[in-house]
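The values are calculated or read from the model by the stated rules, or taken from the named source; none is laboratory data. These numbers come from a predicted model, not from an experiment. Using ideal geometry, Cβ is built from the backbone for each residue, glycine included, and neighbour counts are taken over all protein chains shown. Protein only, heavy atoms only, side chains kept; ligands, DNA and RNA dropped before computing areas. Shrake-Rupley method; radii C 1.70, N 1.55, O 1.52, S 1.80 Å.
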Amino acid sequence: TNPGFVVRITQAGLDYAHQQGIAVLEKELAQLKLPDISGDFRIRHVGKVHYEISRLDLRSFHLPYSRISLVPNVGLQVSISNAFAELDGNWRVKIYFIRDRGSFDLKVENIYIKIILKLGSDASGKPTIDTSDCSTRISNVRVHFSGKFGWLYNLFHSAIESRFRRTLESRVCKNVVSSVHSELQPYLQTLPVTANIGTMAGIDYSLVAPPTATAQSLDVDLKGEFFSRAHRSAVPFRPLVLALPPDHDRMVYFGASSYFFNTAGFAYQAAGALVFEITDSMIPKDADFHLETSTFSAFVPQLEKMYPDMMMKLRLSTPSAPFLNIGPGGLSLKPVVDIQAYAILPNSSLAPLFLLSLVSNVSAVIDIKSSHIVGSLNVGRMKLSLKHSDVGTFQVRTLQSIMNILASNILLPQLNARLEEGFPLPLPDRIQLSNILLRFHQNFLLLGADVHYQPR
């Protein structure tokens with residue numbers, strides 16, 4: 001299926017992630033444990049020589065030059081060049097009855113490492129990463145021995161250096177594979193596939209397909225669907241194709257489709273969250289009316305006879321989920337709200353009075369705060385109509401001013417307070433966004449940002 005939400009990581013974003021990852025890998029490689037080395041060989045006119053290399057201590061491992069590139073349909077390639085390492089240790093040699101020992105320094109230069117990272121997704125919709133290939137090539141190993149038999153270095157240095165080269169080449173790739181499994185894969189798993197929004201709703205951010213590497217970017221397609229936590233039901237509409245523009249000014253882009261936002265309305269209505277009750281205690285103090293039959297009897301004459309001097313309650317609900325439109329000009333919706341009026345009888349039971357339908361043009365403002373999509377609504381012109389009356393017919397337009405006050409002073413602040421809390425973006429741990437831009441396109445909202453990773 002088409003995604004409701006798309007995350008695009010540009011080359012600039014990959015370069016930043018690569019910078020963080022190389023710093024971790026450099027620390028991991030500096031802690032490499034190398035095994036002792038021993039062997040025998042013959043030297044012409046000298047005879048059999050037995051040597052032992054022990055207590056190898058890797059003092060440093062530096063990765064000064066590296067780059068990350070996209071491998072279409074596979075994932076990523078990390079290329080490291082001109083890396084170098086320094087280590088020391090002890091050596092022991094035996095020639096017939098002659099024994100000696102000493103220390104040595106070893107410098108490994110011109111290390112080249114190539115790593116292919118394959119990207120995928122697991123059954124839960126979380127991203128996965130694995131090392132599909134790793135190769136290491138070392139061009140230069142130089143050993144300096146100390147001790148009175150240090151001259152022996154000139155006789156068997158090639159044998160020692162080739163052993164070091166093979167050992168180090170093997171250990172580097174083993175360490176890379178281990179780091180991907182122990183560091184990178186667990187970190188990717190912190191990407192939330194479910195984000196709970198209060199007690200009523202959640203967002204499904206699971207991957208609908210493995211990440212796609214192209215020549216320009218890495219795209220991650222997410223379900224991007226709100227759902228009711230009490231009862232998850234199938235959404236009665238499908239996401240449209242979401243094609244992000246080729247923008248590359250930011251490290252990461254988020255494409256939030258109209259499907260993403262409209263499933264929010266569907267989920268909240270299914271959860272019963274789009275029902276609001278207004279009582280007299282909620283009327284602003286500076287309003288020149290109360291929510292009681294004596295007030296409304298000026299517009300509905302039968303109320304004074306049927307329910308004299310009684311308090312009232314209004315119940316607002318949506319007969320269908322509100323539908324949001326996104327276009328180059330911004331976001332707008334035209335919700336339909338049913339307003340059921342009740343009289344509160346002396347025994348606290350409710351007597352239905354009339355049912356109004358309210359249609360209004362609403363515009364929405366979107367922003368990003370603390371990695372959350374936040375918003376606010378502005379209500380335009382309202383239109384009232386009478387759907388049913390238990391107290392006779394009356395002129396609905398006379399109630400327009402009261403409904404304007406109730407909507408703008410009570411209903412709208414409640415909705416905007418919830419929208420101000422926002423909806424979290426799908427981000428792994430310890431990522432902060434900056435330099436944010438927002439643009440509106442047909443049927444989707446484009447968010448661009450740079451990222452900052454905060455290490456533990």
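Classify region 345-417: rounded, prolate or oblate, from the alpha-carbon gyration tensor (a ≥ b ≥ c, eigenvalue square roots; a/c under 1.5 rounded; otherwise prolate if a/b is larger than b/c)?
In terms of gyration-tensor shape, prolate.
Give the cross-link partners of LYS114 among the lysines, using a straight C-alpha distance below 24 Å as the criterion and excluding same-chain residues fewer than 8 apart.
Of all the lysines, those that pass the test against LYS114 - Cα under 24 Å, at least 8 places apart if same chain - are LYS27, LYS33, LYS174.
Once neighbouring chains are kept in place and the probe is 1.4 Å, which whole percent of the accessible area of region 11-189 is contributed by carbon and sulfur? Please list the in-between numbers first.
Values: 4700 of 9510 Å².
The value for region 11-189 is 49 percent carbon and sulfur by accessible area.
Regarding region 11-189, what whole-number volume in Å³ per residue does the convex hull of its Cα atoms give?
Dividing the Cα hull volume of region 11-189 by its residues yields 120 Å³.
Can you give the Rg and Dmax of the chain based on its C-alpha atoms, in angstrom?
Considering the chain through its Cα atoms, Rg and Dmax are 34.9, 128 Å.
Excluding ligands, DNA and RNA, what is the solvent-accessible area per residue of region 349-439 at a probe of 1.4 Å, expressed in Å²? Let's see the in-between values first.
Working: 4500 Å² over 91 residues.
Solvent-accessible surface per residue comes out at 50 Å².
With every protein chain present, what is the per residue accessible area of region 275-320 (1.4 Å probe, Å²)? Working shown, then result.
On the way: 2560 Å² over 46 residues.
Accessible area per residue, region 275-320: 56 Å².
Filter the trypsin sites (Lys or Arg not before Pro) in region 147-252 to those in DSSP coil with at most 11 other Cβ atoms within 10 Å of their Cβ, and list the result.
Sparse-neighbourhood loop trypsin sites (Lys or Arg not before Pro): LYS148.
Based on the alpha-carbon gyration tensor of region 165-311, what equivalent-ellipsoid semi-axes (square roots of 5 times the eigenvalues) come out, in whole Å, largest first? It would help to have the intermediate numbers written out before the result.
Values: eigenvalues 652, 64, 45 Å².
Square roots of five times the eigenvalues give 57, 18, 15 Å.
Tell me, what % of the accessible area of region 302-456 is carbon and sulfur with a 1.4 angstrom probe?
Result for region 302-456: 53 percent of the exposed heavy-atom area is carbon or sulfur.
Report the one residue of LEU25, GLN395, ILE344 whose Cα lies farthest in the direction of the positive end of the charge dipole of the chain (charges on C-beta: Lys and Arg +1, Asp and Glu -1; origin at the Cα centre).
Positive-end residue among those listed: LEU25.
For region 11-189, with every protein chain kept in place, what is the accessible area per residue (1.4 Å probe, Å²)?
Per-residue accessible area for region 11-189 comes out at 53 Å².
Output the DSSP H helices from the chain with an along-axis C-alpha extent of no less than 30 Å and a mean Kyte-Doolittle hydropathy no less than -0.5.
TM-like helix candidates: 153-179.
Are there any chymotrypsin sites (Phe, Trp or Tyr not before Pro) in region 74-144 that are in a DSSP loop and have at most 11 other Cβ atoms within 10 Å? List them by number.
Of the chymotrypsin sites (Phe, Trp or Tyr not before Pro), the ones in loops of region 74-144 whose Cβ has at most 11 other Cβ atoms within 10 Å are TYR96, PHE97.
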